[in-house]
Amino acid sequence: MMHERKLISLSHGAGGKEMGELLRELIISKVKMSGFEEGIGLEDMDDSSTIPLGDIHVTVTTDSYTVNPVFFPGGDIGKLAVTGTINDLAVMGARPLAIVDAMVVEEGFPMDDLKRIVSSMIHTAEGEGVALIGGDFKVMPRKSLDKIIITTSGIGIVSREALITDSGLRPGDKIIVTGTIGEHGATILALQSGIDVGGTSLRSDCASIVEAMKIALELGGVHAAKDPTRGGLAMALNEMARKSKVMIVLEEEKIPIRDEVRMYCEMLGIDPLYLACEGRAVIGASSEVADDIVQKLNKAGYKDATVIGEVRKGREGYVLLRTVVGGIRIVEPPTGELVPRIC
Ligand code: MG
């Protein structure tokens with residue numbers, strides 16, 4: 001009998017359930033040296049991994065960026081490649097120090113566009129005080145690649161006491177977001193579906209979250225943090241709830257969403273909780289400091305930062321949403337294709 005040939009599908013790369021399962025089976029279960037003692041390793045599937053050296057954890061992360069289109073309101077693939085990588089370091093409590101990048105470009109790609117992308121990368125890294133210390137550059141023949149892929153790896157440091165992981169949530173903690181959600185996802189999705197976003201105020205939130213994390217960390221009491229990128233807030237909170245073995249209860253009316261994102265989601269029947277953010281952090285902090293963190297963020301210009309829910313004992317790994325009309329629904333982890341090439 002013929003063996004059915006399994007093929008990779010877009011859902012395998014969408015950052016949801018299928019990708020998690022594939023990576024566990026394909027890679028994580030096969031690698032014997034997958035981490036260092038007391039460090040964050042492959043199986044933790046956290047935003048960054050760490051190598052402990054004495055009291056310091058060297059923090060490492062890598063991401064490939066394939067966003068389509070490469071230029072969008074609020075950013076471009078170059079800015080995204082730098083901020084996305086820096087943000088994965090920042091949510092570990094780490095200070096980003098340096099990045100290296102690998103660029104693969106399609107033959108025939110406009111030189112001016114490449115210059116714009118590279119200058120955007122350099123400008124963004126400089127603005128964050130992050131060094132670009134190495135890289136690689138390759139060109140592939142026409143049609144063997146769609147325009148450009150940028151892979152960025154980042155290195156940072158964090159002291160052992162200051163290290164923050166996805167698994168640190170404790171019952172009683174408050175869940176904070178540092179700004180409105182879903183803007184990057186909504187913008188890219190609109191552009192991909194041919195909707196002219198020029199006439200709307202829809203724009204990506206693509207930005208560094210280093211400053212916001214620093215403000216949040218100053219008061220102490222931050223137990224967990226993530227950047228809700230692919231799969232949006234729904235994915236980030238499901239991961240945090242699962243790894244921390246707690247239940248998260250969200251208040252729908254408190255989740256900050258811009259009107260244009262809400263309208264767009266209603267129009268297309270999309271849940272904004274699943275739309276990627278590229279400049280927001282979701283933070284779990286002790287209830288004693290949560291309001292102070294929000295106040296400090298608000299004062300520093302993060303005017304939409306707010307508490308959106310809390311952590312409870314109960315159904316481990318579940319994220320519940322108390323809806324505006326008073327019902328409760330489960331916020332499932334994302335499955336299926338979601339949106340390809342969002343980042
Ligand atoms: Mg992340």
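The values are calculated or read from the model by the stated rules, or taken from the named source; none is laboratory data. What you see is a predicted model; the values in this text were computed from it and never measured. Here the Cβ positions follow ideal geometry from the backbone for every residue, glycine too, while neighbour counts run over all protein chains shown.
Just one of the listed residues (THR50, THR61, THR85) is assigned to a helix (DSSP H, G or I) and in the same structural domain as THR152 (by TED's automatic domain parsing), namely THR85. Only residues that are surrounded by 24 or more Cβ atoms within 10 Å (Cβ to Cβ) and either over 25 Å from ALA241 (Cα atoms) or touching a helix residue (DSSP H, G or I) at 6+ places or on another chain (Cβ under 6 Å) (or both) were counted in the range 47-56, giving 2.
Just the residues that are assigned to a strand (DSSP E or B) and either outside the structural domain of THR151 (by TED's automatic domain parsing) or more than 16 Å from the ligand (Cβ to nearest atom) (or both), please, taken from the range 95-111. If the condition is that a residue be assigned to a strand (DSSP E or B) and either outside the structural domain of THR151 (by TED's automatic domain parsing) or more than 16 Å from the ligand (Cβ to nearest atom) (or both), then ARG95, LEU97, ALA98, VAL100, ASP101, ALA102, MET103, VAL104, VAL105, GLU106 are the ones that fit. In the range 18-32, the residues that are under 18 Å from LEU7 (Cβ atoms) form Cβ pairs under 6 Å with partners that are in a helix (DSSP H, G or I), at six or more places apart or across chains, as follows: GLU18/SER11; GLU18/HIS12; MET19/HIS12; LEU22/HIS12.
List the number of the failed condition for MET92; all other conditions in (1) more than 28 Å from ARG203 (Cβ to Cβ); (2) within 16 Å of the ligand (Cβ to nearest atom); (3) not in a helix (DSSP H, G or I) hold. For MET92, the exception is condition (1).
Identification of strands (runs of 3 or more DSSP E) wholly contained in the range 283-343 with 2 or more residues that are under 23 Å from the mean Cα position of the chain (by Cα) and assigned by TED's automatic domain parsing to the domain that holds GLU253 yields 306-312, 319-322. For the range 197-211, the tally of residues that are at pLDDT 95 or above and either more than 17 Å from ARG230 (Cβ to Cβ) or not hydroxyl-bearing (Ser, Thr, Tyr) (or both) stands at 8. Among the residues making up the range 53-72, those that are in contact with a Ser or Thr (Cβ under 6 Å, 6 or more places away or on another chain) and either within 16 Å of the ligand (Cβ to nearest atom) or hydroxyl-bearing (Ser, Thr, Tyr) (or both) are THR59, VAL60, THR61, THR62, ASP63, SER64. Say we look at the range 151-185 and pick out the residues that are in contact with a Phe, Trp or Tyr (Cβ under 8 Å, 6 or more places away or on another chain) and assigned by TED's automatic domain parsing to the domain that holds GLY135; which of these is surrounded by the fewest Cβ atoms within 10 Å (Cβ to Cβ)? Here the answer is THR151. Name the residues in the range 280-308 that are surrounded by fewer than 18 Cβ atoms within 10 Å (Cβ to Cβ) and over 16 Å from LEU219 (Cα atoms), would you? Within the range 280-308, GLY301, LYS303, ASP304 meet the criteria. Annotation note: Cβ proximity below 6 Å between a residue of the range 216-236 that is of a type in the set (Asp, Glu) and a residue that is modelled with pLDDT of 95 or more and more than 8 Å from the ligand (Cβ to nearest atom) (sequence gap 6+ or interchain) occurs for ASP227/ALA281. When you look at GLY20, is it modelled with pLDDT under 95, more than 13 Å from the chain's Cα centre (by Cα), within 16 Å of the ligand (Cβ to nearest atom) and within 14 Å of THR229 (Cα to Cα), yes or no? Judged against the criteria, GLY20 is not a match. A Cβ distance below 9 Å, combined with a sequence gap of six or more or placement on separate chains, defines the contacts here; from the range 50-74, residues that are farther than 27 Å from LEU114 by Cβ and without any contact (Cβ under 8 Å) to a residue 24 or more places away in the chain reach no residue that is charged (D, E, K, R) and within 15 Å of the ligand (Cβ to nearest atom).
Scanning the range 73-87 for residues that are within 14 Å of THR187 (Cα to Cα) and within 16 Å of the ligand (Cβ to nearest atom) turns up just one, LEU80. For the range 152-183, taking the residues that are assigned to a loop (DSSP other than H, G, I, E, B) and over 16 Å from the mean Cα position of the chain (by Cα), the one that is nearest to THR85 (Cα to Cα) is identified as LEU163.
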